[in-house]
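Here's the structure, in structure tokens; my notes come after.
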Amino acid sequence: MPEILEVERYRQLAAERAVGRRVEAVEAPDPWILKGGLTPAAAADALTGREVLDARRRGKLLLLDTDGPVLGLRFGMTGRLHVDGRYGVERLEYSPVVEHERWDRFGLVFDDGGYLRLQDPRRLGGVALDPDEARLGPDALTVTPRQLAAALAGSRAPLKARLLDQAHLAGVGNLLADEILWRAGLAPNRPAGSLDPVELRRLHRHLRRGLVELGERGGSHTGDLGPHRRPGGRCPRDGAELVHAVVGGRTTWWCPIHQH
DNA sequence: CCGGATGTTCACCT
DNA sequence: GAGGTGAACATCCG
């Protein structure tokens, strides 16, 4: 599933191959994927003839700047970006391996004959024009200690729920949240606002380091905890049997010994 | 064959 | 307003 690390790979692909190219046509065979009242005709009107100027990202939202509107792409659980047959991520967890054209939900055709497409089997992704970027919190890859402290301050929600709340911190998904909390030795059901300065600092360090490390390994599914998130799984650090519960609406696994 | 899992967003409820 | 719950999506797995 695309979390922040996968979307960053998509951004890099778009920056390398889409920026500088001009849109000749818009493919929108699936109106469901268009959000914010956007229609296939309106999308075509707004984007045809436009040049892609930059590829940005905030959390899991990919933003393509043009000399017209900003094109916002969300990938849900199973969305992938492909440009001229190249994929930002080759293999996606929980997504079918076999590819079908019918999963191409949206695309830009460039005037040189190439294309950029959003492929999304489960249709959990979305396409919008000029998405409201201000609704997202600071990006998890670049968040400062001060920003992280502000994101958690005063909240009585479970720590993990707050980390997953894109309005307060943009980019962390379920698997990354479990991995980071495991690394930081913090229990997912701690009230978010209850962390002391030492714990906040530790969480920030593991968030930043963990994202970089998993990015280098290849993505969100390469965490150390991942293989043990199953019944009977044991903590790879101290061997204790992991416990699980629904926290923040998501299946959550953690170590009862070293996460407090 | 069917229920549950899978991640995210959004509408709705307390 | 904050936080929790369930629906929606399509596919896979046990």
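The values are calculated or read from the model by the stated rules, or taken from the named source; none is laboratory data. Model, not experiment: these values are computed from the prediction. All Cβ positions, even for glycine, are placed from backbone atoms using ideal geometry, and neighbour counts span all protein chains on display.
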Response to the item:
Here the residues within region A:203-260 that are more than 14 Å from DNA strand C (Cβ to nearest atom), in a strand (DSSP E or B) and surrounded by 21 or more Cβ atoms within 10 Å (Cβ to Cβ) are A:Trp253, A:Trp254
Worksheet item: Only one residue in A:Ile33, A:Ile4 is buried (at least 18 other Cβ atoms within 10 Å of the Cβ) and closer than 16 Å to A:Arg123 by Cα, so which one is that?
Response: A:Ile33
Practice prompt. Tally the residues that are hydroxyl-bearing (Ser, Thr, Tyr) and either touching a Pro at 6+ places or on another chain (Cβ under 8 Å) or in contact (Cβ under 8 Å) with a residue 60 or more places away in the chain (or both), restricting the search to region A:30-56.
Written response: 1
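Okay, residues lined up against (1) in contact with a helix residue (DSSP H, G or I) (Cβ under 8 Å, 6 or more places away or on another chain); (2) of a type in the set (Asp, Glu); (3) at pLDDT below 90:
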{"residue": "A:Leu203", "(1), (2), (3)": "yes, no, no"}
{"residue": "A:Gly218", "(1), (2), (3)": "no, no, yes"}
{"residue": "A:Pro227", "(1), (2), (3)": "no, no, yes"}
{"residue": "A:Cys235", "(1), (2), (3)": "yes, no, no"}
{"residue": "A:Val243", "(1), (2), (3)": "no, no, yes"}
{"residue": "A:Gly249", "(1), (2), (3)": "yes, no, yes"}
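So that you can scan it fast, the table gives a plain yes or no per residue for (1) acidic (Asp, Glu); (2) in contact with an Asp or Glu (Cβ under 6 Å, 6 or more places away or on another chain); (3) at pLDDT 90 or above; (4) farther than 26 Å from A:Gly215 by Cα:
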{"site": "A:Thr48", "(1), (2), (3), (4)": "no, no, yes, yes"}
{"site": "A:Arg56", "(1), (2), (3), (4)": "no, no, yes, no"}
{"site": "A:Leu62", "(1), (2), (3), (4)": "no, no, yes, no"}
{"site": "A:Val89", "(1), (2), (3), (4)": "no, yes, no, no"}
{"site": "A:Glu101", "(1), (2), (3), (4)": "yes, no, no, yes"}
{"site": "A:Gly107", "(1), (2), (3), (4)": "no, yes, yes, yes"}
{"site": "A:Gly125", "(1), (2), (3), (4)": "no, no, no, no"}
{"site": "A:Ala134", "(1), (2), (3), (4)": "no, no, no, no"}
{"site": "A:Val143", "(1), (2), (3), (4)": "no, no, yes, no"}
Fill in: Sole residue being on the phi < 0 side of the Ramachandran plot, under 23 Å from the mean Cα position of the chain (by Cα) and either crowded, with 16+ Cβ neighbours inside 10 Å or not in a helix (DSSP H, G or I) (or both), chosen from A:Ala15, A:Ala43
A:Ala15
Worksheet item: Do we have any residue at all in region A:19-27 that's touching a helix residue (DSSP H, G or I) at 6+ places or on another chain (Cβ under 6 Å), among the small types (Gly, Ala, Ser) and touching a residue at least 24 places away in the same chain (Cβ under 8 Å)?
Response: no
Worksheet item: Is it true that A:Leu124 is in contact (Cβ under 8 Å) with a residue 60 or more places away in the chain and within 16 Å of DNA strand B (Cβ to nearest atom)?
Response: no
Item to complete: Could you list all residues from region A:217-260 that are among the aliphatic types (A, V, I, L, M) and without any contact (Cβ under 8 Å) to a residue 24 or more places away in the chain?
Response: A:Ala240, A:Leu242, A:Val243, A:Val246, A:Ile257
Discussion item. Anything in region A:183-202 that is over 20 Å from A:Arg237 (Cα atoms) and buried (at least 20 other Cβ atoms within 10 Å of the Cβ)? List them, or say none.
Written reply: A:Ala192, A:Leu195
Worksheet item: Residues of region A:46-85 being within 16 Å of A:Tyr115 (Cα to Cα), among the polar types (S, T, N, Q) and part of a loop (DSSP other than H, G, I, E, B), which ones?
Response: A:Thr48
